[in-house]
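What follows is a short report on a single structure.
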Amino acid sequence: MQKQRYLHIPKPLFIAHKKEFKTFLDTRLFTIASLYWEHETHINDIAREYEVSGTRIRQLLWKARERIKENKYRI
């Protein structure tokens, strides 16, 4: 069974070359996406780190996912 946090925001595949990923996502968005998808940090832990709500982190992750789809990159 999937962990709860993956039910809301599907996990894309990671690319080997992170520099390519950073070229079209700003640093903060990259860091949040990396913490969530690569390091499997829980949304609430990321929210505490950035002192924002979990909802805001979900919005940023969706934004990251949309930019990845627009640019035809996979992370």
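Condition first: β-branched (V, I, T) and more than 16 Å from K63 (Cα to Cα). Now tell me which residues in the range 34-45 satisfy that. Residue satisfying the conditions is T41 alone. Just one of the listed residues (T55, T41) is without any contact (Cβ under 8 Å) to a residue 12 or more places away in the chain and surrounded by 15 or more Cβ atoms within 10 Å (Cβ to Cβ), and it is T41.
Only the coordinates and a few stated rules stand behind these numbers; no lab work does. If you're wondering where the values come from, they're calculated on a predicted model, not measured in any experiment. Heads up, the Cβs are rebuilt from the backbone with ideal geometry, glycines too, and the neighbour counts pull from every protein chain shown.
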